[in-house]
Structure formats: structure tokens, C-alpha cells
1. Subtracting the Cα-Cα distance from 0.36 nm times the residue separation, let me have the gained length for Glu306 to Phe213 in nm, one decimal.
2. Taking the Cα centroid of the range 255-309 and of the range 333-367, what is the distance between the two, rounded to the nearest whole Å?
3. Evaluate the distance, in nm, between pseudo-label points positioned 7 Å from the Cα of Leu278 and of Ala93 along their respective Cα→Cβ axes.
4. Listed highest first by mean packing, meaning other Cβ atoms within 10 Å per residue, what order do 218-225, 143-150, 160-167 come in?
5. Work out the FRET efficiency for Arg176 and Leu84 from their Cβ-Cβ distance, taking R0 = 35 Å, and round it to the nearest 0.05.
6. Any idea how many Lys pairs in the chain come in under 18 angstrom at the alpha carbon, given 8 or more places apart or on separate chains?
7. Can you compute the helix-only [θ] at 222 nm over the chain? Use -39500 (n - 2.57) per DSSP H run of at least 4 residues, normalise by all residues, nearest 500 deg cm²/dmol.
8. Each label point is 7 Å from the Cα along the Cα-to-Cβ direction; what then is the distance between the points at Ile77 and Val43, in nm?
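Coordinate-derived values only; no laboratory data. Fair warning: this is a prediction, and the values are worked out from it, not measured in the lab. For neighbour counting, all protein chains shown are included, and Cβ atoms are generated from backbone atoms with ideal geometry for every residue, glycine included.
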Amino acid sequence: MTLTWDRAEVPAQTYDAFEESQTPWSGGLTTAVFAIAAVMGYVANLGYAPMVALAGILAVPTLRFSRPWRPVVFALIVLVVWALVSMKWSLAAVDPASLRKYKDLERLTPAKLVLQLGFYCAFVAAAASLSRRWAERAGLVLGVGVLALAAMIAFEALRGAELYLWIKQALGQPTRPDLAARNVARGGYVGVMLMWVACAFLMERGWKAAVVFLVGLLFVGVAVFNTDAVLAAMGVGLAVFLCVRMLGPIGVWLLAAGSAVYFVAAPYVVLAGVQHGLFAYLHPHVGPSWGARLNIWSFTAAKIVEKPWTGWGLDSSRMFGLAIPLHTHDGALQIWLELGLVGALIVSAIWACILAPVAVFARTDRVLAAVCAATAASYLTVGALSFGVWQEWWLALGALAFAACAVLARARAERSPPEITFLEPL
């Protein structure tokens, strides 16, 4: 059933009251997820996958489709289907007869992708359906939580993860100082993905000092921890934010074009760097981790050329031994290696579908568009330098950031839109 009223027929207060009554479950759920997300960024940042999946399951009763995001869902479905098809020739194909224990299911990346697509989209849809008042409440919780997370990362960076070590010791799970520092530093990825939306909500409250502290503390923390990918994401995010603020929709489409070029041209750029001696020149001038990345990228690009159209199949990047430890440390190269040119084109289309509504936002609300674009750019930047494309917690964090942007859009929406439409839950 679809109910539609003209704007003139519905008083603003009546609409606000009705909208408020429609989203208490999804509003409370989203607020709780945002609150827990900030805590998990410090104590258990790898736990985002089960948290967002559970939130998606709980959101199913309130699920509604939002027309602007249907192309995104369709493009994601196409990607998952192509990934499933690629298992026919994948080096990492799993023999069903070998699946005897629950732990064996962890190897079933295709099954996990299907479940994640459903659960994560359900949670994002729930977040996008909030009333303005619920969105403001959830956003405030997110803003304060990310500020607290940034403070904890900075404190631990300056104290050598002292508190984290004490907590692990108290729980009977002692760990080495270097591992403690690594775990706390990983919270910086959470911080940079949620930073722009958090700052926007804090600015809405007029808390400018809190915004300065949030950005400053996060920068200090990741700089002391030497988390280069987060620093790069902060820089790229700032550049994109300013670009969209100044250019509006043009800035968003420039980001979309840049992401398409990145995903399509990545292996050829690497091959050119190898052939012209750039990688050989950089090796003595970079640290061990970056040197390892250069080696991985060189090997990956060479393997891509062997099967450029369809790739080696989903999860094949794990099958090349020490040449590629677990993944390629670059999203575009991993997509090319496993899913070929077809996969690279699908992923480019996904990002175009994500950024198209953002370009529409930029016509009337450049702040909202700039925040969304900066968040997208941060995800792309980190993905180009760290983590595997299919890592559950990283995909869940992306869904969480998407949901945060959707909540910000709801909080900044007009209270009396030209047309009010309610769609039946799916």
C-alpha cells in the first residue's frame, strides 16, 4: 500500500509526529549500533561484522526501499553473482565434501558475501528511514562516541597502549606491547571512516571546539602509531571535502571519475611503474612495509596480465604463497586479480551508483554532499593501501559509514517535503 499526501495538506507538526511514531525501532537500533561502534573501535574493532549483521537481521521488520539507492543494491547483487560464477575457475574453490566443521565454513567467502549483502543492506535501509528527530539523536551519539574514540587512540598512542595492555591483563588475556599497539591503532580506521559524519553532527550542535579536538586527537593518535593509510585517508578526504564544497556536483563527479580510473587502470599503472624503473627507484627509499607492498603489487600486476578478462577467481589472491600474503593490499588490484576486467567494471559502476545521489545532494546541500564524498574517498584510500576487499569487518565498517551518511541526510532533510510517501516493508 502506498499513501501519498500533498505538502499543503499535511501540517509540519502532524508530519513530524507521524514520522516520529514510525521509526522508534529502527531509530533505537541505529542509535544503539552507533554507540556500540564507538566502543568497539577501541576494544574489538574486528567485531563489526557480527554487530552490523545482527543489526540488519533486527532491521528486517522495518525494511523499506529508498528509490535513489536501488541501483546501488542492484550493482552489488551483480558483483556478488559474478563472484559466485568465478568460483567455477577459482584457485580457491572449496570442495563441499571437506566442510565438516563450523570452522570450515569460514572458507566459504561466496556464502558470506551473500549473507553480508542482505544483512548490511537491511541495516543501511533502516538507518535511511529514520525520522529527522531520531536521526539527530543517533547522530549526536555518533559524534560524541567518535570524539571519545579519537581521545582514547591519542591517549594510548602517547602512553604506548598502556591502558589496553592493563585491560587485557585484567581479563586474563595478556598480549605483547607491539600487538596491543597494532590493535589500538586499528581503531584509527574506524575513526577516519566516521570522522566526517561525526564532525557534521557536532557542528550542527555548534560544538566547534569538539570538532577541532576530534580531528586533532585522531591525527595525533594515528601519526604517533604511524598508521600511514589513515593519514593518507584524512588528507584525501579533506581534499575531496573542499573540492565538493567549492564545485558542488562537479566535485562529486570528479571523484566518481577518479574512482573509475583507479579501478580500471590500476594494474597498467603498476606495470608502467615497474617497466620504467619507478618501483626499483622507490625500494631503497621506503620502509619495509611499503617495500613489501611494491613487491606484492608488481607480482599481482604480472599475474593479472595472464588472465585479464575473468581473473583467477574469487579468493585466488590467497593461493600464491608468500608472493601475496593473504591479499594484495590494494582493492583495485585484488578485484582485477580475482574477478578480472569484468569485476573492475562492475565495481566502478557500484561507486558511480553510490556517488550519483551525492551529486544530487550537492545541488542544494553542499555540506552533506561534501561529507558523503569525503567518507567515500576515505574508504577508497584505505582500501587502496590496506586490507582485503572481502574482509568481513572492513565491509561492515563500510556499511556502517554508509548508514551514518544516510542518517546525516535524514537529519538535514526538510521537515515538509513536497511529497510524503510511505512504502510497505518488503
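1. Between Glu306 and Phe213, full extension yields 28.5 nm more.
2. Computed from Cα coordinates, the inter-centre distance equals 21 Å.
3. With each label placed 7 Å out from Cα toward Cβ, I get 3.7 nm.
4. Per-residue mean Cβ counts within 10 Å order the peptides as 143-150, 218-225, 160-167.
5. On the way: r = 40 Å, r/R0 = 1.13.
Efficiency, from the Cβ-Cβ distance: 0.30.
6. Numbers: Lys88/Lys112; Lys88/Lys307; Lys101/Lys112; Lys103/Lys112.
Step by step, the pairs that qualify in the chain add up to 4.
7. -24000 deg cm²/dmol
8. Between Ile77 and Val43, the label points sit 3.9 nm apart.
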